[in-house]
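Chemist: Please find one structure pasted underneath; my questions will follow.
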Amino acid sequence: MKKTLAGLAVVIALAMGMAVPALAQYSGRINVSVPFSFTVENQRLQSGDYIVEKTAGGRLHIYTKDGRVSTTVLAIAAEGTTAPEKAHFVFRRYGDQYFLAKIWTPGLNRGWELLQGKMEVELAKRKTVPVETATLIGR
């Protein structure tokens, strides 16, 4: 039993380790115009045009062209079933509050899943599921 669990742990670790290098293949900028205010982890961002870039250590840098708004967040590699032609930004909505949840990279079936911040966790506790999700197409 111990050997089986140890073997399973090694297989899982190897699989997770392969997902991150594969994701690292996409290093371009992703542009998106967000028509509503939204939260990324614990930072509230206003509507506007944003640029997303992958940085070291599994982090994403999200900022405006003029650099006045900038945040860096931890992201987890995610794998989907299809490769979208353009980037997709997926938001969870609770009432009138939007939270950036996932970013799918253009031309790859890989992307990033963002961690929930304190505010979203609290809202999720009150409402069992988000009211809906919203997807924006990047440029």
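No lab work stands behind these numbers, since they all come straight from the coordinates. In this text, all values refer to a predicted model and were calculated from it rather than measured experimentally. Positions of Cβ are generated from backbone atoms using ideal geometry, with glycine treated the same way; all protein chains shown enter the neighbour counts.
Here is a yes/no grid of residues against (1) surrounded by 15 or more Cβ atoms within 10 Å (Cβ to Cβ); (2) farther than 19 Å from Lys118 by Cβ:
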| position | (1), (2) |
| --- | --- |
| Val32 | yes, yes |
| Val40 | yes, no |
| Lys54 | yes, yes |
| Gly57 | no, yes |
| Asp66 | no, yes |
| Ser70 | no, yes |
| Val73 | yes, no |
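Chemist: Now a separate question. State the number of residues belonging to region 98-122 that are farther than 16 Å from Leu45 by Cβ and among the aliphatic types (A, V, I, L, M).
Modeler: 2
Chemist: I would also like to ask the following. Would you confirm, using the coordinates I've provided, whether Thr133 is surrounded by fewer than 16 Cβ atoms within 10 Å (Cβ to Cβ) and of a type in the set (Ser, Thr, Tyr)?
Modeler: Working: surrounded by fewer than 16 Cβ atoms within 10 Å (Cβ to Cβ): yes; of a type in the set (Ser, Thr, Tyr): yes.
Considered against the rule, which asks whether it is surrounded by fewer than 16 Cβ atoms within 10 Å (Cβ to Cβ) and of a type in the set (Ser, Thr, Tyr), Thr133 comes out as yes.
Chemist: Give me the pairs: first residue in region 40-59 and of a type in the set (Phe, Trp, Tyr), second residue not in a loop (DSSP other than H, G, I, E, B), beta-carbon distance under 7 Å, and six or more apart or on different chains, which are they?
Modeler: Short answer, once both residue conditions are applied: Tyr50/Val32; Tyr50/Val34; Tyr50/Ile62; Tyr50/Tyr63.
Chemist: Of the residues Glu122, Glu85, Glu113, which single one is assigned to a loop (DSSP other than H, G, I, E, B) and acidic (Asp, Glu)?
Modeler: Glu85
Chemist: From the list Thr72, Thr82, Thr105, pick out the single residue that is under 13 Å from the mean Cα position of the chain (by Cα) and more than 16 Å from Leu136 (Cα to Cα).
Modeler: Of Thr72, Thr82, Thr105, the one residue that is under 13 Å from the mean Cα position of the chain (by Cα) and more than 16 Å from Leu136 (Cα to Cα) is Thr72.
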